[in-house]
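One structure is given below, encoded as structure tokens.
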Amino acid sequence: MLAAIMAVLWFGSTLLYGLAAGQMGTWGPILGWPLFMSLIVITATVLGMLTGEWKGCGPLPIRIQWTGVTVLVLAIFILADSSRHLQ
């Protein structure tokens, strides 16, 4: 059941990426793809934590994981701000 839900989410997110990248013109793939991949990692991390995938591991891997998510979120804000200055 979770695999089917994941397949639907993957297809939907890829479809939305394609539509959004087309609307952004030549900058769509340049800015859109890193954002898309970052959001996939962030979503997988949050869902992994909620489903207990990381249960039983020590605090260091969880701290490293959340540090990575924080870096990705900051990168998203930086890309969003930089795309505002491109227009």
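Taking the longest Cα principal axis of the chain as reference, the axis of helix 27-50 is set at about 20 degrees.
Each residue of the range 3-18 is assigned a 3J(HN,Hα), and the resulting list reads 5, 5, 5, 5, 5, 5, 5, 5, 4, x, 5, 5, 5, 5, 4, x Hz, derived from the Karplus form 6.51 cos²θ - 1.76 cosθ + 1.60 (θ = phi - 60°), x at Gly and Pro. I need to check one value: relative contact order of the chain, counting alpha carbon pairs closer than 8 Å and at least 6 residues apart, in percent. Value for the chain: 24 percent. Solvent-accessible area per residue in the chain equals 75 Å², computed with a 1.4 angstrom probe and all protein chains kept. Note on L9 and W33: with the Förster distance fixed at 22 Å, the Cβ-Cβ geometry gives a FRET efficiency of about 0.80.
Applying both filters, DSSP loop and at most 16 other Cβ atoms within 10 Å, to the trypsin sites (Lys or Arg not before Pro) of the chain gives K55.
According to the Cα-based calculation, Rg over Rh for the chain is 1.05, with Rh computed by the Kirkwood formula.
Under 17 Å from a label point set 7 Å out along the Cα-to-Cβ vector of A20, the amide N atoms of the range 55-83 belong to 72-83. Surface composition of the chain: carbon plus sulfur atoms contribute 77% of the solvent-accessible area (1.4 Å probe, protein chains only, all chains present).
The values are calculated or read from the model by the stated rules, or taken from the named source; none is laboratory data. As the structure is a prediction and not an experimental result, all values here were calculated from the model. Neighbour counts are summed over all protein chains in view; Cβ atoms, including those assigned to glycine, are modelled from backbone coordinates with ideal geometry. Side chains included, ligands, DNA and RNA excluded: accessible areas come from the protein's heavy atoms. Shrake-Rupley method; radii C 1.70, N 1.55, O 1.52, S 1.80 Å.
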